[in-house]
Amino acid sequence: MGLLFKYFGVNLNTVLVSAEKLFGKNADLIKKAIKEGYQLGSQKEKLKTSKSKYFISGTEGIGIGAIAAGIDVYLAYPMTPASPVLHFLAKRQLENNILVFQPENEIAVINAALGVSFTGAKAMIGTSGGGLALMSEGLSLAAMTELPLVIYLGQRPGPATGLATNTGQGDLKFALNAGHGEFLRVVLSPGDAQEAIIRTQEAFYLSNKYRVPAILLSDKHLVESDYTFNKINKAPQFPSRFLLENPPQDYKSYKITPNGVSPRAVPGQGPVVRANSYEHNNYGYTIEDQAWTIKMQDKRFKKLDFIKKEIAKLNPVSLYGRGSNLLISHGSTKGAILDALPQMKNFRFLQVSYLKPFPAEIVSREIKKSKKVILVENGVRGALADVIKEETGLTIKNKILRYDGRPFTPEFLMAKLKKI
């Protein structure tokens, strides 16, 4: 301690007074040791100054991304670990002209958000696994009405209350499949605070352009960890709301188009605008006949190929390192893997950021050219391996899993890797 404080140029007496306060009756020997260490230092170090850096958490990354995307309304009912985003945005609502509101429960959250979206506002909601379970009917409503909505899902271990203040990635399949009926969605999984900014912006962009729900998948480890960056990068400015300025009087709320995206108008512009939870025709009137049912189902799924092309431009995966062996993962495991990667001989790391639509061609190509493939996940069974099997037909047998509620560390990862 003495040598350390001499190295940084701290006055000896300041250190001794602090030691006496801290250690009380046991301070004499400690103070003697501090003096001896202090005398070992020949001179104080001249510290080099550096440019200021950004120090932000995953929570702040999501909040910054939402503001950069032009969010109008954020609705949430408190649930760990999603609540900090509610607090972050609430503190900044006046300066950024946004409304942050806590309804009475999660069902009210998603339904109110769809009402907000119907008016043309950019809406985002936040919750954890148990809250999304209550919202799943509303998620299907978003799909049928084709109202844009961004859903922030902060994961924690389940089932039920589970480990409410710990971390896990067990909601992957839930995020991919929640809701009843068949419909499109976008699911993104950032790996750190910087990625959280850009992926949140992309979630707003894709949701509003294609009129589909977008789920931003995170977890306690990511949102409550702090990261240092030399600069904050944001996505390029996307076109904002994709709204018709002068809709025709014969406006069709669900007009059939080549890409499946109906031009969007909002109430109050002149023509009647409809949002119908029942199956409907192009005007939004309720129907039950076979022909219109087929037309509308096909219309909504036409968007898939166009969304895939968009995602291909947004770097849906990231590849780190070199080697014939491959680690594959998503989300917050990124940090521990990158820290451990220099110690791993002949390994590279593939981080998957888009889980729906899945970048099957890229992932399949990287797996096929690898000697050994190992999945890394904070889960019991390795859900990402199942997703990869479903999307590519390829099986990943080797898995490094952690499901004790704690995040991965490089040491834990290396110890498991040696066994494989």
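The values are calculated or read from the model by the stated rules, or taken from the named source; none is laboratory data. If you're wondering where the values come from, they're calculated on a predicted model, not measured in any experiment. Cβ placement follows ideal geometry from the backbone for every residue including glycine, while neighbour counts extend to all protein chains displayed. Ligands, DNA and RNA are excluded from the accessible area calculation, which covers all protein heavy atoms including side chains. Shrake-Rupley method; radii C 1.70, N 1.55, O 1.52, S 1.80 Å.
Restricting the stretch 275-299 to residues that are out of contact with any helix residue (DSSP H, G or I) (no Cβ under 9 Å at 6 or more places or on another chain) and of a type in the set (D, E, K, R), the residue that is most open to solvent (accessible area, probe 1.4 Å) is 288. In the stretch 353-379, the residues that are over 25 Å from residue 219 (Cα atoms) form Cβ pairs under 9 Å with partners that are of a type in the set (Phe, Trp, Tyr) and open to solvent by 10 Å² or more (accessible area, probe 1.4 Å), at six or more places apart or across chains, as follows: 372/347.
Here the stretch 377-418 is the region considered, the condition is being β-branched (Val, Ile, Thr) and under 15 Å from residue 333 (Cα atoms), and the residue that is surrounded by the most Cβ atoms within 10 Å (Cβ to Cβ) is 400.
Checked against the criteria, residue 308 counts as open to solvent by 30 Å² or more (accessible area, probe 1.4 Å), closer than 30 Å to residue 201 by Cα and not in a loop (DSSP other than H, G, I, E, B). Would you confirm, using the coordinates I've provided, whether residue 68 is in contact (Cβ under 8 Å) with a residue 40 or more places away in the chain, touching a Lys or Arg at 6+ places or on another chain (Cβ under 7 Å) and among the hydrophobic types (A, V, I, L, M, F, W, C)? So residue 68 fits the description; yes. Residues that are assigned to a helix (DSSP H, G or I) and without any contact (Cβ under 8 Å) to a residue 60 or more places away in the chain were ranked within the stretch 174-202; the one that is nearest to residue 305 (Cα to Cα) is 177. Count of the stretch 208-267 residues, restricted to those that are more than 20 Å from residue 187 (Cα to Cα), of a type in the set (A, V, I, L, M) and in contact with a Pro (Cβ under 7 Å, 6 or more places away or on another chain), is 2.
Could you say whether any residue in the stretch 222-237 is under 18 Å from the mean Cα position of the chain (by Cα) and surrounded by 24 or more Cβ atoms within 10 Å (Cβ to Cβ)? Yes, the stretch 222-237 contains at least one residue that is under 18 Å from the mean Cα position of the chain (by Cα) and surrounded by 24 or more Cβ atoms within 10 Å (Cβ to Cβ).
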